[in-house]
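The values are calculated or read from the model by the stated rules, or taken from the named source; none is laboratory data. The shown structure was predicted, so the numbers you read here are calculated from the model rather than taken from an experiment. When we count neighbours, we look across all protein chains shown, and the Cβ atoms used for this are built from the backbone with ideal geometry, even at glycine. Ligands, DNA and RNA are stripped out before the accessible areas are found, and what is left, the full protein with its side chains, is counted by its heavy atoms. Shrake-Rupley method; radii C 1.70, N 1.55, O 1.52, S 1.80 Å.
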Amino acid sequence: MEATKEKKVLLKVEHLKQYFPVKTDSFFKPKAFVKAVDDISFQLFEGETLSIVGESGCGKSTTGRAILRLDEPTDGKVYYSGQDILHFNKKEMRKLRGELQVIFQDPFASLNPRQTVKQILNEAMAIQEVVAKPKRMDRMLELLDYVGLPPEALDRYPHEFSGGQRQRIGIARALAVNPKLIICDEAVSALDVSIQAQILNLLKKLQRQFGLTFLFISHDLSVVRHISDRVMVMYLGKVVEIADKKDLFDSPLHPYTKALLSSIPVPNPAIQRERVILKGDVPSPIDPPSGCRFHTRCPFATEKCKLEEPALRELGTNHFVSCHFAEKLAQ
Amino acid sequence: MKMTENNKPILEVKGLKTHFFTKRGVSKAVDGIDFTLQKGETLGIVGESGCGKSMTSLSILRLIPSPPGKIAGGQVLYKGKDLVTMSEDEMRKIRGNEISMIFQEPMTSLNPVIPVGEQIAEALRLHQKMGRKAAWDRAVEMLKLVGIPSPEKRAKQEPFQLSGGMRQRVMIAMALACKPEVLIADEPTTALDVTIQAQILALIKDLQTKLGMGVIMITHDLGVVAETCDNVAVMYAGNIIEYASTEQIFSNPKHPYTQGLLDSLPKIYEDQEELRTIEGSVPSPYNMPSGCRFASRCPFQQPICYQQQPELMEQNDGVKVRCWMYTDQWTGQVEKQEAVK
């Protein structure tokens, strides 16, 4: 990691919980909840890229949405530059959203189809009042230049663009308000590899140019390896491992991380790897397994794992893992 | 090219063209492709969205929505018989029986209100003329074969009661129930998580060895190709542009598009500062350039590339490639060897 010295914490999440109520069969039954995110804590340093990875339903997108307060978290605290943003009122929150932007997976669904690119960018700047009216046109052209779109794009509608170009518009809109932190929720997942490469290069370039901080949510481990400084692995609403990218990919400690890494098909037939194939499916987050949530699929599970929930503890510098037997398995 | 055992291919596609006749004009989704599949071989067809890989698989089984789609030319020879000219009755005997298919999204391919065991048994009763009881027993046996726990119970459940991975297993059980000679898997794991994907790919491979069928694996994921396929056909804008063994494709890609595709992948085992990209975008299927379809995006382009489309030509090492760079007409500054790297 580059910013090891005097790292400034930009975002701090403490004991974040996000439960969604589910319909129960009977009025008299106790209420059931989907525990999408269940007590997670982490920090995000200024200028870095932290990725959240995991399979569907692990809570990675929910975490992103909870930080932005798109869904109000059930419990926990979120500090942005030291301020507790969960207690912000609407006005303060709106102001904060200028610094906290988001890029979604499907740019077509998140761009208004009846607005031209000009209107889309203009609206963002008008709401946040970042650029005075007469200067907006120049700013828009500048933004298009940053994301690699021609000036003619201004008068066109989202449907006239290809998927990759639409994602560029989404990025331009996020940049329009001079944000500090951008949450990228599966921002390149819907794109073909050659286009995906273009967008990843663009995100890296913009990060260098504007000193942006990224919270990068993705299920694709190859993409995550390319873009991140640190990686956080989630499973069923819990953090199982957080580490610097290199440590996580070269010496993963949690059995789930190991299985996840070994499941990725590698586009090189010369590499022969030992593959850990997990048995069964991810259990339901409504009634998650007791103890360690991974014990039902873990090849090393013992009686202790069924009963006791492992805490997230530090093993090695900046390498956190929640497994009772991490030291043993590392050997 | 890797050849398996006998040289008599089980499936042979020759000059297949599938065109769509729409108000906007003719869309040449598949425009003259050739490949062969041996018994026991896994052939990968790769390419990005819109390259025609899925249309190729639908054309083999004659499942093209028609109109507007139409097989405009070519042959699909299955054990020497041409599927393109076959009557619908004969075709129905082959579809799902001798050649079957797995689709990407199992939820839309399964009937949502019929128990999954019943859906598998239906195929057996129709194709194999099995009795009700025998077909049901075989369906349960198939579910067991694809690794579904407590198959007797699961067979009576409807698709919504199963998880995504299990539904895909049911699809595979259904596709394999009649012991087909050819299995076409169209993005079979794209909708699944990586840990489940690993399970399903291992399962397909395992069943292939047991049943000795030929598999066509259609995917956009080069990792899946590297791990499962013997040979690979890379498609671009309705054409096959490179056709070689998996080792050759990955160790020594010849076509500039294949090279670009491999370079643009983020690598899981190395660090790169910047990814290489392919400039520009795919030409519209309604308005294909007359020359090489990749010419405008190609770093090695020459005037000849815009004038005439190259043929898919076999090289000394058996690799087939559709590029002027590997012909005698090539006059470019870039030496062949340099282009190959």
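Quick look at the numbers
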quantity	calculated
Angle between chain A longest axis and helix A:136-147 axis [Cα atoms, degrees, rounded to 10]	40
Dipole magnitude of chain B about its Cα centre (Cβ charges: Lys, Arg +1; Asp, Glu -1), debye to nearest 20	1420
Computed over chain A: relative contact order in percent, which uses C-alpha pairs under 8 Å that are six or more apart	20
Crossing angle, helix A:163-175 versus chain A [Cα axis fit, 0-90 degrees, rounded to tens]	80
Convex hull projection area averaged over all views, the protein assembly as shown, Cα basis, nm²	33.9
Karplus 3J(HN,Hα) series, Hz, for region A:111-126 with 6.51 cos²θ - 1.76 cosθ + 1.60 (x for Gly, Pro)	10, 5, x, 9, 10, 6, 4, 4, 5, 4, 6, 5, 4, 4, 6, 5
Neighbour count of at most 14 Cβ within 10 Å plus DSSP loop: longest chymotrypsin sites (Phe, Trp or Tyr not before Pro)-free window in chain B	B:1-268
Spin-label pair B:PHE160/B:LYS179, simplified geometry with 7 Å Cα→Cβ offset, distance in nm	3.7
Cα-based Rg of region A:110-178 normalised by 2.2 N^0.38 Å, two decimals	0.98
Spin-label pair B:LYS81/B:SER284, simplified geometry with 7 Å Cα→Cβ offset, distance in nm	4.2
GNM top mover of A:VAL266, A:VAL37, A:VAL177 - chain A, alpha-carbon springs below 10 Å	A:VAL266
Check: the protein assembly as shown dipole with +1 on Lys, Arg Cβ and -1 on Asp, Glu Cβ, in debye	1480
Kirkwood estimate for chain B, i.e. one over the average of 1/r between Cα atoms, Å	21.3
FRET E, pair A:ARG208, A:GLN43, Förster distance 22 Å, beta-carbon r, rounded to 0.05	0.50
Among B:ALA198, B:ALA177, B:ALA139: highest mean-square fluctuation, GNM of chain B, C-alpha pairs under 10 Å	B:ALA198
The protein assembly as shown, accessible area per residue, ligands and nucleic acids excluded (1.4 Å, Å²)	45
Dipole magnitude (debye, nearest 20) for chain A, charges at Cβ of Lys, Arg, Asp, Glu	440
Whole-Hz ³J(HN,Hα) from phi, Karplus 6.51 cos²θ - 1.76 cosθ + 1.60, for region A:18-30, glycine and proline x	9, 10, 10, x, 10, 5, 9, 4, 10, 4, 7, 6, x
Within region A:265-291, backbone nitrogen closer than 11 Å to the virtual label 7 Å beyond the Cα of B:SER251 toward Cβ	A:269-271
Radius of gyration, Dmax [chain A; alpha carbons; angstrom]	21.1, 68
Förster-model FRET efficiency, 35 Å R0, A:ASN178 and B:SER296, C-beta, rounded to 0.05	0.45
Mean projection area, nm², convex hull over Cα of region B:48-111	5.6
Sulfur and carbon atoms: percent of accessible area, the protein assembly as shown [1.4 Å]	51
Size descriptor, Kirkwood hydrodynamic radius, that averages inverse alpha-carbon separations across region B:254-340, Å	14.3
Two-decimal Rg/Rh across region A:247-299, once Rg and the Kirkwood Rh are taken from alpha-carbon atoms	1.04
Enclosed volume per residue, in Å³, of the convex hull spanned by Cα atoms of region B:112-177	70
Region A:145-175 versus region B:261-335: alpha-carbon centroid distance in Å	27
Relative intensity, log₁₀ I(q)/I(0), of region B:166-277 from a Debye sum that treats every alpha carbon as a point, q = 0.19 Å⁻¹	-1.09
Solvent-accessible area lost in complex, 50 Å² minimum, residues of region A:250-294 relative to chain alone, 1.4 Å	A:SER263, A:PRO265, A:VAL266, A:PRO267, A:PRO269, A:ILE277, A:ASP281
A versus B: buried accessible surface, summed, Å² (probe 1.4 Å, to nearest 100)	3300
Occluded residues from region B:241-276, i.e. those whose accessible area drops by 50 Å² or more once the chain is not alone (1.4 Å probe)	B:PRO266, B:ILE268, B:TYR269, B:ASP271, B:GLU273, B:LEU275
Two-site FRET efficiency, B:ASP328 against A:ILE286, from Cβ-Cβ distance with R₀ of 51 Å, rounded to 0.05	0.15
Summed residue charge, Cβ within 10 Å of B:ASN97's Cβ, Lys/Arg positive, Asp/Glu negative	+2
Cβ-based net charge around A:SER218, under 11 Å, with every Lys or Arg adding one and every Asp or Glu removing one	-1
B:LYS8 paired with B:LYS129, simple spin-label distance in nm, labels 7 Å along Cα-to-beta-carbon	2.5
Relative contact order (%) - criterion: Cα under 8 Å, at least six apart; region: chain B	19
Neighbour net charge for B:PHE20 - beta-carbon separation under 14 angstrom, K R +1, D E -1	+4
Residue of A:PRO283, A:PRO269, A:PRO255 that the Gaussian network model of chain A assigns the largest fluctuation, springs spanning Cα pairs under 10 Å	A:PRO269
Length-normalised contact order of region A:110-178 in % [C-alpha pairs under 8 Å, at least 6 apart]	49
Cα lying deepest toward the dipole's positive end in the protein assembly as shown, options A:ALA197, B:ASN316, B:VAL113, charges on Cβ	B:VAL113
Chain lengthening between A:GLN119 and A:HIS15 when straightened (0.36 nm per residue, less Cα-Cα)	33.5 nm
Other-chain or far-sequence residues with amide H under 5 Å of B:MET313's (modelled H)	B:VAL321, B:ARG322, B:CYS323
